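J.: I have a structure here, written as structure tokens, and I will follow up with some questions on it.
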Amino acid sequence: MIIDKLHHIAIICSDYKKSKNFYTNVLGLEILAETYREERQSHKLDLGLNGAYVIELFSFPNPPARPSRPEAVGLRHIAFAVQDIESSLRRLQEHDIEVEPIRLDAITGKKFTFFQDPDALPIEFYEL
């Protein structure tokens with residue numbers, strides 16, 4: 001095996017402040033490092049989950065929109081494991097985040113659902 005583990009997921013957002021709030025205050029990821037690169041007019045926010053580096057959030061001036069979703073070639077969605085999907089969804093709803101109805105995985109019998117970040121990137125919660 002040439003890969004040891006997933007290092008991080010990189011996301012480009014259209015509104016840095018809005019996305020920073022979503023990933024930190026709504027989802028609860030921790031800020032590991034925050035940098036503004038003047039020469040690129042770009043923010044870079046390193047986010048962690050339980051101390052592990054998981055998301056690199058970027059802002060750039062006028063990034064192009066995603067061509068289509070969710071079946072466009074490329075990243076389909078990000079999935080986070082949760083202990084209790086109902087309580088996790090209540091937290092999202094407290095922040096006025098719309099969520100799809102909870103579904104059952106036909107293979108594992110586990111509960112899961114989808115919602116979107118501020119740029120309509122699909123995110124999944126999957127119950128352990």
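FYI, it's all coordinate maths here, none of it is from the lab. Note that the structure is predicted; figures quoted are calculated from it, not measured. Quick reminder, even Gly has a Cβ in these numbers, built from the backbone with ideal geometry, and neighbours come from all protein chains shown.
J.: Using a basic spin-label model with each label point 7 Å from the Cα along Cα→Cβ, how many nm lie between Asp15 and Leu128?
T.: Those two pseudo-labels are separated by 3.3 nm.
J.: Take Ala65, project a point 7 Å from its Cα along the Cβ direction, then tell me which residues of region 84-128 have their backbone nitrogen under 18 Å from it.
T.: Only 116-122 fall inside the zone, counting backbone N under 18 Å.
J.: Quick one: angle between helix 85-94 and the longest Cα principal axis of the chain, in degrees between 0 and 90, rounded to 10, please.
T.: So the inclination is approximately 50 degrees.
J.: On to the next question. Evaluated at 25 °C with a viscosity of 0.890 mPa s, what Stokes-Einstein diffusion coefficient in µm²/s does region 1-62 have when Rh comes from the Kirkwood expression over alpha-carbon pairs?
T.: Approximately 201 µm²/s, per Stokes-Einstein.
J.: Could you give the spread of the C-alpha atoms of region 77-128 along their three principal axes, from largest to smallest, in whole angstroms?
T.: Principal-axis extents of region 77-128 (Cα, largest first): 30, 21, 16 Å.
J.: Of the listed peptides 32-45, 113-126, 93-106, what is their order by residue-averaged count of other C-beta atoms within 10 Å, with the highest listed first?
T.: Top of the packing list down: 113-126, 32-45, 93-106.
J.: Given H placed 1.01 Å from N in the peptide plane, which residues other than close sequence neighbours of Val82 have an amide H under 5 Å from its amide H?
T.: Tyr126, Glu127, Leu128
J.: Ile78 to Tyr36: extension gain in nm, 0.36 nm per residue of separation minus the Cα-Cα distance?
T.: 12.6 nm
J.: While we're on this one: Rounded to the nearest 0.05, what FRET efficiency do Ala52 and Ala106 have when you use their Cβ-Cβ distance and R0 = 25 Å?
T.: That pair, Ala52 with Ala106, gives E of 0.25.
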